[in-house]
Amino acid sequence: METAFRARTGADKGVNVAVMCEYDALPDIGHACGHNLIAEAGCAAGIGIKAALEASEIPLGRLTILGTPAEEGGGGKIKMIKNGCFDDVDIAMMVHPGPLELAHGLFVAVDLQTITYSGKASHAAAFPWEGINALDAAVAAYNGMSMLRQQMKPSWRVHGIITNGGAKPNIIPEKSEMQYYLRAPTEAELKVLMQKAGEVFHAAGQATGCTVEVKSTGHYSNVVSNPNLLELYVKNSLDLGVKFTPDYVPGLGRVHDIPAGSTDMGDVSHVIPSIHPLYSIGTTAVIHTRAFTDATNTDLAHERTLVASKSIAGCAVDVLRSPETLEAIKLSFKQHLQEA
């Protein structure tokens with residue numbers, strides 16, 4: 001990928017620790033997901049780990065900093081996995097800013113779908129009976145998905161928009177298009193949700209006489225956080241004075257049960273032991289809002305980012321210094337992945 005990068009330091013062999021840097025922004029609202037801070041945290045952690053490698057009297061291993069663009073729907077890390085960028089990596093880590101301090105969030109699997117209905121154009125006033133209304137199919141599908149929510153599990157999410165509803169009001173729309181994101185905590189649950197959604201999309205086409213095409217345009221796996229790595233991250237964070245968000249927050253409920261979105265880091269976590277903690281930048285603003293964009297550019301946000309970078313740097317050094325720790329991480333990775 002043209003905008004990806006890889007920086008390496010350390011020994012030619014041994015444990016290879018990778019830290020991720022994301023840096024893509026969102027259309028119109030800028031860094032409302034805080035990827036500017038993720039890049040900062042990855043670079044800062046890399047500087048700290050590099051210093052530890054150079055200070056050691058014996059070779060500890062290697063450090064790889066990976067610049068991973070196009071997380072927001074582009075699946076940059078998935079392309080990098082396919083291109084072999086993670087083939088020699090033993091563990092992968094990154095942190096993500098937000099309003100909460102969580103060692104692990106519920107990052108769910110997602111399938112991005114484009115639904116296209118095809119009908120028949122006709123004059124909407126003179127000969128409406130000659131037309132087959134593709135917009136009606138899209139509206140029926142949208143309403144059907146809204147009704148499906150009653151039978152969905154609390155941790156499932158569906159959200160969509162109509163991107164094409166026709167050309168002019170006096171023409172029966174012969175084409176309509178929708179985009180939907182379907183999310184669930186695991187791949188197995190997402191498969192069930194995709195089946196249910198597909199039935200809704202096809203039923204809308206059948207009811208209106210339209211043909212329908214459902215196309216998957218992207219897919220992210222759920223994040224499988226490695227418990228051994230998480231334990232090291234929590235220990236290093238507590239040593240730095242970090243106070244984690246309580247499991248139950250009034251007005252939110254059990255925070256670890258709330259889907260935090262989806263990320264291509266999930267795909268990495270299915271390949272190698274990984275963690276993707278959330279850290280607070282001292283704001284109540286939630287991600288993907290203009291208020292969060294502003295919050296990422298404060299002195300407090302940068303201070304909290306440096307603390308988070310020290311936590312993952314300490315975690316990395318703990319692994320580099322102990323082959324036994326790495327073996328335990330790899331063992332738990334195999335066990336945990338089977339259960340995910």
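On full extension of the chain, what length is gained from ALA125 through LYS235, given 0.36 nm per residue of separation minus the C-alpha to C-alpha distance? Write out the running numbers ahead of the final one.
Numbers: separation 110, 0.36 × 110 = 39.60 nm, distance 7.00 nm.
In short, 32.6 nm is gained.
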* Roughly how big is segment 82-226's charge dipole about its Cα centre, with Cβ charges of +1 (Lys, Arg) and -1 (Asp, Glu), in debye to the nearest 20? -> 440
* Top to bottom by accessible area (1.4 Å), largest first, where do ASP239, ASP257 land? -> ASP239, ASP257
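Using a/c under 1.5 as the rounded threshold, could you call segment 6-114 rounded, prolate or oblate? The axes a ≥ b ≥ c are square roots of the C-alpha gyration tensor eigenvalues, and prolate needs a/b larger than b/c, oblate otherwise.
It comes out prolate by the Cα gyration axes.
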* **Of LYS235, LYS13, LYS191, the one that fluctuates the most in a GNM where the chain has Cα springs shorter than 10 Å** => LYS13
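What number comes out for the charge environment of GLU174, summing +1 per Lys or Arg and -1 per Asp or Glu over other residues with Cβ under 13 Å away? Kindly include the intermediate steps, with their values, before the conclusion.
Values: positive: LYS120, LYS168, LYS175; negative: GLU130, ASP136, GLU177.
Summing Lys and Arg as +1 and Asp and Glu as -1 gives 0.
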* Could you please state, rounded to a whole Å, how far the C-alpha centre of segment 47-85 is from the C-alpha centre of segment 241-269? => 24
* Which order do peptides 192-199, 331-338 fall in by mean Cβ count within 10 Å, highest first? -> 192-199, 331-338
* **Total charge dipole magnitude, segment 262-340, about the Cα centre, Cβ charges on Lys, Arg, Asp, Glu only, Debye to nearest 20** => 40
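Give the percent of DSSP beta bridges with both residues in the chain that are antiparallel, rounded to the nearest 5.
On the way: 38 of 56 bridges.
Of all bridge pairs located within the chain, approximately 70 percent are antiparallel.
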* To do: Any chance you could run the full-extension gain for TYR248 through LYS191? It's 0.36 nm times the residue separation minus the Cα-Cα distance, nm to one decimal.
  => 17.6 nm
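Would the chain count as rounded, prolate or oblate if I go by the C-alpha gyration tensor, calling it rounded below 1.5 in a/c and otherwise prolate when a/b exceeds b/c, oblate otherwise?
Numbers: a/c = 2.32, a/b = 2.20, b/c = 1.06.
The shape class here is prolate.
As a quick test, which of the pairs LYS77/LYS191; LYS235/LYS334; LYS243/LYS310 have an alpha carbon distance above 20 angstrom in this structure?
Values: LYS77/LYS191 22 Å; LYS235/LYS334 23 Å; LYS243/LYS310 15 Å.
Cα-Cα > 20 Å for LYS77/LYS191; LYS235/LYS334; rest within.
Per the 1.4 Å probe, what fraction of the accessible area of the chain, in percent, lies on carbon and sulfur atoms? Don't skip to the end; give the middle numbers.
Details: 8940 of 16210 Å².
Solvent-exposed carbon and sulfur of the chain make up 55 percent of the total.
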* **Most positive-pole-ward Cα, THR163, MET152, VAL223, against dipole of segment 133-228 from beta carbon charges** => VAL223
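Mean Kyte-Doolittle hydropathy of -1.0 or higher plus an axial Cα length of 27 Å or more: which whole DSSP H helices in the chain meet both?
Length and hydropathy pass: 35-55, 187-208, 299-320.
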* Accessible solvent surface per residue of the chain, calculated while the other protein chains remain in place, 1.4 angstrom probe, Å² -> 48
* To do: About the Cα centre of the chain, how large is the charge dipole given +1 on each Lys and Arg Cβ and -1 on each Asp and Glu Cβ? Please answer in debye to the nearest 20.
  => 420
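The values are calculated or read from the model by the stated rules, or taken from the named source; none is laboratory data. As the structure is a computational prediction, the values presented were derived from the model and not from experiment. Using ideal geometry, Cβ is built from the backbone for each residue, glycine included, and neighbour counts are taken over all protein chains shown. Side chains included, ligands, DNA and RNA excluded: accessible areas come from the protein's heavy atoms. Shrake-Rupley method; radii C 1.70, N 1.55, O 1.52, S 1.80 Å.
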